[in-house]
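Chemist: Below is a structure I'd like to ask you about.
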Amino acid sequence: MILKHLSILNYKNLEQVELDFSVKLNCFFGLNGMGKTNLLDAIYYLSFCKSSGNPLDSQNIRHDENFFMIQGSYETEDGTTEEIYCGMKRRVKKQLKRNKKPYTRFSDHIGLIPLVMVAPSDVGLISDGSEERRRFMDIVISQYDKAYMDALIRYNKALAQRNVLLKSKAPVDEALFLILEEVMAQSGDIVYSKRKNFISEFIPIFQSLYSFISQDKEQVSLQYQSHAENASLLDKLKASRERDKIMGFSLCGVHRDDLNMLLGEFPIKKEGSQGQNKTYLVALKLAQFYFLKLTRPTVPLLLLDDIFDKLDVSRVGRIIELVAGDKFGQIFITDTNRENLSRILSEVNSDYKMFYVSDGAVTEKVEE
């Protein structure tokens, strides 16, 4: 999949942007806070129907404006054109259209334009709670497995309804709990099975990439933990019910799953240096790209936002060597340091475009 043209109105600090892109490499440079990340986020939005950083759509509208609009013109591997439009007015539900036809469910769009984004905010995968690591698994699997997304949606709806019952001060028929717990167990088992299979296939790809970037200096691994492991999820939900009533929410289920991130035999959260953490995150996201490429007929877009910060020269060089290879499709990359981008361009023997971003305005720079 190739993004040929992007139109933006009033998205974050981007007032009006019209850009035509290279089919291979697109570089954006400029100072911090000028809009480089917002530009990548707009591309992300067209794949996932939401911002990568702010889930409140109204807060993504430019200050003092009443709406935002993002539109992308894509070309598939067989030459077919796909036009994706997303727009939102304040206090009005957002619209998402494919070739001018509105979607009835946004979830039907996920996976059409596979995309992987590597950003500074990814540090939350290591430093934050388990929700971020579940979200990482969900984003990958949902892009190639519709049954997974459907099961996850059913599970989350039943979970929300069960939590309402748990908070009820009036007596609740136990049969209502059982109905919801059966839905959670059935859909939760699907979610668990697919997450488990994904991680088992994903680990060797991730380890290989980390080893390449670090030049075999450290060993890494991932361990998936779930309440659905080695026991009936339905039995666990029923056994936890009385305790859950006291707490007012569900303590058991796949919504509590976690992904242990290890450096050697210890959590990288406790043991890793800044450079090791950054290497870990870059390897995770590039492994996500490779995995999607194996499972999808469409090559994902790759968005790299300021990925060289906190990395030594040797690791930067190894990442550039990876990115400059022919295993990737269309790439969008930002950096405050023009020299980093120039190093990449010197390694890439293919088409590219360079753009300068300043105060929300984007200008193409023609290299002399």
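The values are calculated or read from the model by the stated rules, or taken from the named source; none is laboratory data. Fair warning: this is a prediction, and the values are worked out from it, not measured in the lab. Reconstructed Cβ throughout: ideal geometry from the backbone, glycine too, with neighbour counts over all protein chains shown.
Chemist: Which of the numbered conditions does Ile70 fail, given that it passes all the others? Conditions: (1) at pLDDT below 90; (2) crowded, with 22+ Cβ neighbours inside 10 Å.
Modeler: (1)
Chemist: What are the residues in segment 1-45 that are more than 22 Å from Asn349 (Cβ to Cβ), out of contact with any helix residue (DSSP H, G or I) (no Cβ under 9 Å at 6 or more places or on another chain) and among the aromatic types (Phe, Trp, Tyr), if any?
Modeler: If the condition is that a residue be more than 22 Å from Asn349 (Cβ to Cβ), out of contact with any helix residue (DSSP H, G or I) (no Cβ under 9 Å at 6 or more places or on another chain) and among the aromatic types (Phe, Trp, Tyr), then Tyr44 is the only one that fits.
Chemist: If you go through segment 336-360 one residue at a time, how many are of a type in the set (D, E, K, R) and at pLDDT 85 or above?
Modeler: Of the residues in that region, 2 qualify.
Chemist: Then there's this: Kindly indicate whether Ser130 is surrounded by fewer than 16 Cβ atoms within 10 Å (Cβ to Cβ), more than 23 Å from Leu301 (Cβ to Cβ) and in contact (Cβ under 8 Å) with a residue 12 or more places away in the chain.
Modeler: So Ser130 passes the test.
Chemist: Something else about it: Take the residues of segment 274-307 that are assigned to a helix (DSSP H, G or I) and hydroxyl-bearing (Ser, Thr, Tyr): which is modelled with the lowest pLDDT?
Modeler: Among those that are assigned to a helix (DSSP H, G or I) and hydroxyl-bearing (Ser, Thr, Tyr), it is Thr295.
Residues are listed down the side, and each one gets a yes or a no for (1) within 20 Å of Ile2 (Cα to Cα); (2) charged (D, E, K, R):
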position	(1), (2)
Tyr74	yes, no
His109	yes, no
Leu115	yes, no
Met137	no, no
Lys146	no, yes
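Chemist: Answer with yes or no whether Ile84 is surrounded by fewer than 21 Cβ atoms within 10 Å (Cβ to Cβ), over 30 Å from Asn349 (Cβ atoms) and β-branched (Val, Ile, Thr).
Modeler: no
Chemist: Shifting gears a bit: Which of the residues that make up segment 321-351 are of a type in the set (Ser, Thr, Tyr) and crowded, with 19+ Cβ neighbours inside 10 Å?
Modeler: Residue satisfying the conditions is Thr334 alone.
Chemist: Does segment 105-123 hold any residues that are over 24 Å from Arg296 (Cα atoms) and either touching a Leu at 6+ places or on another chain (Cβ under 8 Å) or assigned by TED's automatic domain parsing to the domain that holds Asp309 (or both), and which are they?
Modeler: Val123
Chemist: So, one more: For segment 17-58, enumerate the residues that are aliphatic (A, V, I, L, M), within 27 Å of Val92 (Cβ to Cβ) and surrounded by fewer than 17 Cβ atoms within 10 Å (Cβ to Cβ).
Modeler: Leu56
Chemist: Tell me which residues, restricted to segment 167-193, are crowded, with 19+ Cβ neighbours inside 10 Å and within 15 Å of Ala147 (Cβ to Cβ).
Modeler: Within segment 167-193, Ser187, Gly188, Ile190, Val191, Tyr192 meet the criteria.
Chemist: Among the residues of segment 196-212, is there at least one that is in contact with a Phe, Trp or Tyr (Cβ under 7 Å, 6 or more places away or on another chain), buried (at least 19 other Cβ atoms within 10 Å of the Cβ) and within 16 Å of Lys236 (Cβ to Cβ)?
Modeler: no
Chemist: Right, something else. Can you confirm whether segment 217-227 contains a residue that is touching a Phe, Trp or Tyr at 6+ places or on another chain (Cβ under 8 Å), of a type outside the set (S, T, N, Q) and under 24 Å from Asp145 (Cα atoms)?
Modeler: yes
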